[in-house]
Amino acid sequence: MELIRPDTHFDFLGKSRLFIGVSLVLIAVSVLSLVARGGPRYGIDFAGGTLIQLRFEKPVSTEQIRGVLGSVVEGALQVQSFGEEDEYIIQLEQSSEELEGLSRRVRDALASSLGGEGIEVRRVEMVGPKVGQDLREKGLLAVLFSMGAILLYIWWRFELRFGLAAIAATFHDVILTVGAFSLFNKQFDLTTLAALLTIVGYSLNDTIVVFDRIRENIKKAGGKGSLREIINASVNQTLSRTILTSGTTLLVVAALFVFGGGVIHDFAFALLVGILVGTYSSIYVANPLVLWLEQRAHRPGKVVRSAS
């Protein structure tokens, strides 16, 4: 399907300064939000603690649950609604090897204070602080190693300037996604990390499609024309594919976000933000950076050699 004619001539690079400015502002907002909140709000996976998922037969509020458990458990606790109506997740700072004992104490305290025995314990998970820290460090290393592998691959397949631009665009996507989690005070856990790695792959795939077309057009140009014109033409030629791929993926992820339920809500949110910023960065971040790096190498707007 062809939504945009290949001979269309939108001047994407003509607006590059404006969009690079927008990106810098968004990155600054993301970083400031993370600094103001003291970093991401880590979930049980990374911070350590205990998670208990309960379902009540009669309506209760988060304030009632928090009030009852405040005097029963040690340390900070968080209560949030989850999934079905009258279903809640309770996160405790305290981690204990005796999960059955802890969940029974929580259930008994709520049953005696709120009345009735209609409380079902659906899930109990515990992660020690050292395990959480270990998972956090390994998660960060996974993202950094994937970035390094991407740089080497694109350097080998194209040229270093393309690799640097792709890595900068991918960093841009990761920072904005983590910043969105911070701005909306969402929890950062292993599911979110999996979503970030998915975004890295998605953003890279979109960028490489455009880079491939640029390489083909550089060869066709045979040393004629400017790199700016070739990049603009390449983005226009791949625009239909970008809109169709990103649009259909967004529809699926939006459906998961709205109808998928609490279990995958944050995962879908991360993908939703990641696909939007990934599509944007493959056009308005990666390509202007390739041109900028070319100009920094004192070859302004002139095709010297084809990428091989």
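Criterion first (part of a helix (DSSP H, G or I), open to solvent by less than 50 Å² (accessible area, probe 1.4 Å), more than 24 Å from PHE82 (Cβ to Cβ) and touching a residue at least 60 places away in the same chain (Cβ under 8 Å)) does PHE181 satisfy it? It is false that PHE181 is part of a helix (DSSP H, G or I), open to solvent by less than 50 Å² (accessible area, probe 1.4 Å), more than 24 Å from PHE82 (Cβ to Cβ) and touching a residue at least 60 places away in the same chain (Cβ under 8 Å). If a residue must be modelled with pLDDT under 90 and among the small types (Gly, Ala, Ser), how many such residues does the stretch 281-298 contain? Of the residues in the stretch 281-298, 2 are modelled with pLDDT under 90 and among the small types (Gly, Ala, Ser).
For GLU137, the requirement of being out of contact with any strand residue (DSSP E or B) (no Cβ under 8 Å at 6 or more places or on another chain), among the acidic types (Asp, Glu) and within 22 Å of TRP292 (Cβ to Cβ) is not met. In the stretch 184-195, the qualifying residues are those that are more than 18 Å from GLY132 (Cβ to Cβ) and not aromatic (Phe, Trp, Tyr), and the one that is surrounded by the most Cβ atoms within 10 Å (Cβ to Cβ) is ALA195. All of THR238, THR242, THR198, THR192 fail the test of being under 30 Å from ARG41 (Cβ atoms), touching a residue at least 24 places away in the same chain (Cβ under 8 Å) and out of contact with any Phe, Trp or Tyr (no Cβ under 8 Å at 6 or more places or on another chain), apart from THR198. In the stretch 23-44, of all residues being out of contact with any strand residue (DSSP E or B) (no Cβ under 6 Å at 6 or more places or on another chain) and open to solvent by less than 60 Å² (accessible area, probe 1.4 Å), the one that is farthest from MET126 (Cα to Cα) corresponds to SER23. Scanning the stretch 216-243 for residues that are surrounded by fewer than 18 Cβ atoms within 10 Å (Cβ to Cβ) and either assigned to a helix (DSSP H, G or I) or of a type in the set (Ser, Thr, Tyr) (or both) returns GLU216, LYS219, LYS220, ALA221, SER226, GLU229, SER240, ARG241, ILE243. Filtered by the rule that a residue be at pLDDT below 75 and either open to solvent by less than 50 Å² (accessible area, probe 1.4 Å) or touching a Pro at 6+ places or on another chain (Cβ under 6 Å) (or both), the stretch 255-280 gives GLY261, GLY262.
Scanning the stretch 204-215 for residues that are within 23 Å of the chain's Cα centre (by Cα) and open to solvent by 10 Å² or more (accessible area, probe 1.4 Å) turns up LEU204, ASN205, ILE208, VAL209. Can you tell me which residues in the stretch 108-164 are within 22 Å of the chain's Cα centre (by Cα) and closer than 15 Å to LEU190 by Cβ? Residues satisfying the conditions are GLY132, GLN133, ASP134, LEU135, ARG136, GLU137, LYS138, GLY139, LEU140, LEU141, ALA142, VAL143.
For the stretch 152-175, a residue qualifies if it is acidic (Asp, Glu) and under 17 Å from THR279 (Cα atoms), and exactly one does: ASP173. Within the stretch 1-22, no residue satisfies the criterion of being closer than 27 Å to THR248 by Cβ, at pLDDT 85 or above and either surrounded by fewer than 11 Cβ atoms within 10 Å (Cβ to Cβ) or in contact with a strand residue (DSSP E or B) (Cβ under 6 Å, 6 or more places away or on another chain) (or both).
Working only within the stretch 221-237, note down all residues that are in contact with a Pro (Cβ under 9 Å, 6 or more places away or on another chain) and under 11 Å from VAL209 (Cβ atoms). Answer for the stretch 221-237, where residues must be in contact with a Pro (Cβ under 9 Å, 6 or more places away or on another chain) and under 11 Å from VAL209 (Cβ atoms): just GLN237. Within the stretch 141-192, the residues that satisfy the criterion of being of a type in the set (S, T, N, Q) and in contact with a strand residue (DSSP E or B) (Cβ under 9 Å, 6 or more places away or on another chain) are SER182, ASN185, GLN187.
Scanning the stretch 35-72 for residues that are in a loop (DSSP other than H, G, I, E, B) and more than 15 Å from GLU93 (Cα to Cα) yields a total of 9. One residue stands out among those in the stretch 125-155 that are outside any helix (DSSP H, G or I) and either out of contact with any helix residue (DSSP H, G or I) (no Cβ under 6 Å at 6 or more places or on another chain) or at pLDDT 80 or above (or both): the one that is nearest to GLY39 (Cα to Cα), which is GLY128.
The values are calculated or read from the model by the stated rules, or taken from the named source; none is laboratory data. Quantities reported herein were computed from a predicted structural model and do not represent experimental measurements. Glycine also receives a Cβ, built like all others from the backbone with ideal geometry; neighbour counts cover every protein chain displayed. Accessible surface areas use protein heavy atoms only, side chains included; no ligands, DNA or RNA. Shrake-Rupley method; radii C 1.70, N 1.55, O 1.52, S 1.80 Å.
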